[in-house]
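Here the structure comes first, spelled out in structure tokens, and everything after it is commentary.
The values are calculated or read from the model by the stated rules, or taken from the named source; none is laboratory data. Since we're looking at a predicted model, the values are computed, not measured. Note: ideal-geometry Cβ built from the backbone for every residue, glycine included; neighbour counts use all protein chains shown.
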Amino acid sequence: MFVIERSKNANIVCYDANPDKSGGLDAKKPVIAYWLLKASDGRKQELTGLDKKAYGFTVVRDTTTSVYTMRIKPLKNKPITIEQKGSDYEAVLEINKTTAVLNKVFVKSSGAGLFTKVKYVELHGLDRATGNPAYEKILP
């Protein structure tokens, strides 16, 4: 659905919808996240416990509407709605006061390890109504 890119290196965190056999989202694990190690050999790797503290997420299903809402750590105040579009899924949220499909989050940070400081977060997507690029820069 979308990725998180970081200023630290070329590795990205990918967030994919996890459909069940019928094509709907898997009720127990509707979203999966993993590293794509572009800085080395391009392979996939599971997020570690420490990674989940920075890039982890929760997904909650509204039982009355069957809508899934996702929250990721870097955007804890921006709920993401997971919507089906044909056989694919999209991550929909507000970007710069417009409803948009999220494509990418970019995290600019400095330092390393426990001393990493987030300088800003950028949201990149497409405006749902117009199809035009949507962008927002969030300062901590």
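Quick one: in the stretch 80-107, which of the residues that are loosely packed, with under 14 Cβ neighbours inside 10 Å and not polar (S, T, N, Q) is nearest to LYS53 (Cα to Cα)?
Going through the qualifying residues, I end up with LYS104.
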### Message
Show the residue pairs meeting these rules: Cβ distance below 6 Å; 6+ apart or different chains; first residue within the stretch 89-108 and over 14 Å from PHE2 (Cβ atoms) and touching a residue at least 60 places away in the same chain (Cβ under 8 Å); second residue surrounded by fewer than 19 Cβ atoms within 10 Å (Cβ to Cβ) and of a type in the set (Ser, Thr, Tyr).
### Response
LYS108/SER7; LYS108/TYR120
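I need the full set of residues from the stretch 108-126 which are of a type in the set (Ser, Thr, Tyr), assigned to a strand (DSSP E or B) and surrounded by 12 or more Cβ atoms within 10 Å (Cβ to Cβ), in order please. Explain how you work it out, then say what you get.
Filtering the stretch 108-126 down to residues of a type in the set (Ser, Thr, Tyr) leaves 109-110, 116, 120.
Restricting the remaining residues to those that are assigned to a strand (DSSP E or B) gives 109-110, 120.
Across the stretch 108-126, the qualifying residues are SER109, TYR120.
I'm checking my understanding of the structure. Among residues of the stretch 59-80 that are part of a loop (DSSP other than H, G, I, E, B) and among the polar types (S, T, N, Q), which one is modelled with the highest pLDDT?
Going through the stretch 59-80, the residues part of a loop (DSSP other than H, G, I, E, B) turn out to be 62-67, 76-79.
Adding the requirement that they be among the polar types (S, T, N, Q) leaves 63-66, 77.
Details: THR63: 86, THR64: 86, THR65: 84, SER66: 81, ASN77: 91.
Filtering first and then ranking leaves ASN77.
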